[in-house]
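Here is the structure we will look at.
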Amino acid sequence: MHDNGPGPLGPIRMCVICRQRFLKSELKRYVCPKSGRGGASERDTATIGLIPDPDQVLPGRGFYICGKADCRQRFQKAQFGLMKKCKGENT
């Protein structure tokens, strides 16, 4: 086994847009909408898309976005497609 130096300083997650890996603390997290999450009612979650999780503590399926302007812009269009992965979350 080779020692490649110290490992990362925390969990690693991947940006759902550019697919690059970053420390979890460097990414913004969004979760699948569900009644009671993020202060949104069940009626509102159908129209607002994924719920921001700035503290990265909400339960459920999470999606991570890096800080690149292009990724943030593309995420606005992609989030409704990503919500298909929330299928089991909305019951």
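Any read-out appearing in this document is the output of simple, stated calculations on the displayed coordinates, not a laboratory observation. Not measured: the values here are computed from a predicted model. Methodologically, a virtual Cβ is constructed for each residue, glycine included, from the backbone with ideal geometry; neighbour enumeration extends over all protein chains shown.
Count the net charge of all other residues whose Cβ sits under 15 Å from the Cβ of Ile12, scoring Lys and Arg as +1 and Asp and Glu as -1.
Around Ile12, the charge tally is +4.
Calculate, in nm to one decimal, what Arg61 and Cys18 gain on full extension: separation in residues at 0.36 nm each, minus their alpha carbon distance.
13.6 nm
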